[in-house]
Amino acid sequence: MPRPLRLASLVLVLGGIPAGLAAQTGGADAVLRALDARKEHYANVAHQIWEFAEVGYQEVRSSALLQKELTAGGFSIQAGVADIPTAFVATYGSGKPVIAILGEFDALPGLSQAAVPDRKPIFEGGPGHGCGHHLFGTASAAAALSVKEWMQANNVKGTLRYYGTPAEEGGSGKVYMVRAGLFNDVDAVVAWHPGDRNQADANSTLANISAKFRFRGVSAHAAGAPERGRSGLDGVEAMTHMVNLMREHVPQDTRMHYVITAGGRAPNVVPDFAEVFLYARQSDMRVLDGIWERIIAAARGAAMGTGTTVDFETIGAVYNVLPNEYLTGLQGRNLTRVGGMTYTAEEKAFADRLRASMTGDLLPLGSEATVIPWSTFAVDPASTDVGDVSWTVPTVQLSAATWVPGTAAHSWQAVAAGGTSIGAKGMMIAAKTMALTTMDLFGDPTHIVKAREEFNRRRGPDFKYQTRLDRAKPALDYRK
């Protein structure tokens with residue numbers, strides 16, 4: 001896979017963008033007013049999903065609620081797509097162009113937290129929306145519904161789709177949807193992600209492959225007959241030791257991390273089963289493929305050396321994001337138009353107290369009111385299954401300040417802010433920006449042409465999409 005090109009300045013990209021239909025007709029003002037009129041409703045929808053806090057592939061109520069919203073708004077629903085019960089596609093209109101908006105709604109395990117600025121789990125060890133996907137799915141639905149109303153009122157032709165995409169957090173839900181051909185006829189994809197800033201994003205990410213490695217041996221009394229035992233835990237520990245030695249001999253931007261999910265129940269019993277859940281990440285999928293083969297070899301070597309057997313289940317495999325600077329420039333202009341937010345006195349007091357629990361060089365309080373300039377660094381050290389979508393169709397994302405500035409993703413602080421009016425305000429910044437961007441794509445076909453030209457150039461003429469999940473079924477129980 002070719003590496004993403006170094007990013008240019010926003011000024012240069014924006015300079016080549018013609019005005020979209022939304023700006024030409026004044027339709028944007030009506031859409032923004034309509035979104036403002038329903039902001040309390042969408043805040044309530046998002047808060048319900050925040051309370052559900054359903055983890056990957058278990059998002060039954062969250063998916064149903066979003067489907068209900070879209071059905072009531074005039075979309076037709078195709079549910080249970082790609083062999084995933086909680087995945088769905090909502091469609092309005094017909095013909096070209098086909099513009100898609102992505103929505104996520106899965107929570108993370110172990111991050112239960114009340115909407116207060118001090119650490120206070122609702123359920124000890126329970127799940128929580130530490131990546132803000134309750135806001136993600138709701139804002140995207142709000143954008144889709146507002147664009148649909150605009151299309152209907154102005155007799156705009158084309159197809160608008162909302163993709164309900166489960167299990168982004170390690171389950172690679174979108175990969176199965178890509179593999180099922182659900183994006184084959186799409187012209188452009190519009191998305192966003194919660195964050196601690198308002199910013200148009202044209203960054204790449206790290207490709208990611210994950211698997212559960214399961215070692216099986218022979219149980220025995222650890223003191224009375226240790227010679228008869230073959231420890232599955234020994235296999236896990238031998239494998240992880242070799243993986244840790246690999247860290248010296250992989251490219252610098254490689255990341256490998258794991259948890260031992262099963263290692264025995266009692267010290268006096270040689271465990272006949274042990275399991276390690278391992279992630280490997282790299283900015284280039286071709287490089288990651290080679291590293292992954294070395295990890296598999298380490299697992300097999302560990303089994304040989306400990307007298308155990310090993311098998312593995314691939315849980316996730318996602319590409320790095322392929323950025324599209326042209327589309328990001330278009331979305332960035334709309335984000336600048338929408339602007340940031342202003343905290344109330346109560347929200348500022350919440351933010352001040354929450355920030356007292358954070359460490360490091362924090363983004364200053366007050367930055368939520370601004371749009372941060374275009375970023376020119378190339379790789380965000382995270383992973384997302386949006387990557388696979390971005391190698392299939394031109395894709396654009398933005399970040400909106402749903403969290404207090406300085407908040408890290410996957411933290412209790414993110415869960416707390418996401419359950420308050422701070423999260424709801426940031427969500428509406430995203431909804432408005434995505435709506436305007438989608439309207440521009442429907443209104444001016446040159447946007448799609450230019451985005452596709454850049455997309456083809458970045459992929460290269462010989463690119464062929466392949467995934468290590470090619471023959472796997474969704475791991476629907478990976479969070480159980």
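I'm trying to understand the selection: among the residues of segment 226-241, which are surrounded by fewer than 17 Cβ atoms within 10 Å (Cβ to Cβ) and either of a type in the set (S, T, N, Q) or within 22 Å of residue 291 (Cβ to Cβ) (or both)? Answer for segment 226-241, where residues must be surrounded by fewer than 17 Cβ atoms within 10 Å (Cβ to Cβ) and either of a type in the set (S, T, N, Q) or within 22 Å of residue 291 (Cβ to Cβ) (or both): just 241.
Residues are listed down the side, and each one gets a yes or a no for (1) touching a residue at least 60 places away in the same chain (Cβ under 8 Å); (2) surrounded by 19 or more Cβ atoms within 10 Å (Cβ to Cβ); (3) closer than 26 Å to residue 128 by Cβ; (4) hydrophobic (A, V, I, L, M, F, W, C):
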site: 390; (1), (2), (3), (4): yes, yes, no, no
site: 402; (1), (2), (3), (4): yes, yes, yes, no
site: 415; (1), (2), (3), (4): yes, yes, yes, yes
site: 419; (1), (2), (3), (4): yes, yes, yes, no
site: 427; (1), (2), (3), (4): yes, yes, yes, yes
site: 444; (1), (2), (3), (4): yes, yes, no, no
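Being touching a Ser or Thr at 6+ places or on another chain (Cβ under 6 Å) and closer than 25 Å to residue 477 by Cα holds for only one residue in 317, 299, and it is 317. Going residue by residue through segment 131-145, is there one that turns out to be within 18 Å of residue 426 (Cα to Cα), more than 24 Å from the chain's Cα centre (by Cα) and in contact (Cβ under 8 Å) with a residue 24 or more places away in the chain? Checked segment 131-145: no residue is within 18 Å of residue 426 (Cα to Cα), more than 24 Å from the chain's Cα centre (by Cα) and in contact (Cβ under 8 Å) with a residue 24 or more places away in the chain.
Among the residues making up segment 457-474, a single one is surrounded by fewer than 12 Cβ atoms within 10 Å (Cβ to Cβ) and outside any loop (DSSP other than H, G, I, E, B): 457. Among the conditions (1) of a type in the set (D, E, K, R); (2) farther than 25 Å from residue 56 by Cβ; (3) surrounded by 24 or more Cβ atoms within 10 Å (Cβ to Cβ), residue 187 misses just one, which is (3). Residue 79 - would you say it is on the phi > 0 side of the Ramachandran plot and modelled with pLDDT of 95 or more? Criteria not met by residue 79.
Any residue that is within 30 Å of residue 356 (Cβ to Cβ) and modelled with pLDDT of 95 or more - is there at least one of those in segment 431-453? No, every residue in segment 431-453 fails to be within 30 Å of residue 356 (Cβ to Cβ) and modelled with pLDDT of 95 or more.
Here residue 197 passes the criteria (1) farther than 26 Å from residue 57 by Cβ; (2) within 19 Å of the chain's Cα centre (by Cα); (3) buried (at least 24 other Cβ atoms within 10 Å of the Cβ) except the one numbered (3). Going by what's in this entry, would residue 259 be described as assigned to a strand (DSSP E or B) and under 22 Å from residue 212 (Cβ atoms)? In short, yes. Being within 20 Å of the chain's Cα centre (by Cα) and modelled with pLDDT under 95 is true of residue 171. Scanning segment 328-365 for residues that are farther than 28 Å from residue 190 by Cβ and in a loop (DSSP other than H, G, I, E, B) yields a total of 10.
Taking the criterion of being assigned to a strand (DSSP E or B) and within 18 Å of residue 257 (Cβ to Cβ), the residues of segment 273-314 that qualify are 274, 275, 276, 277, 278, 279, 280, 281, 282, 312, 313, 314.
The values are calculated or read from the model by the stated rules, or taken from the named source; none is laboratory data. Only a predicted model underlies this, so the values are computations on that prediction, with no experimental measurement involved. Note: ideal-geometry Cβ built from the backbone for every residue, glycine included; neighbour counts use all protein chains shown.
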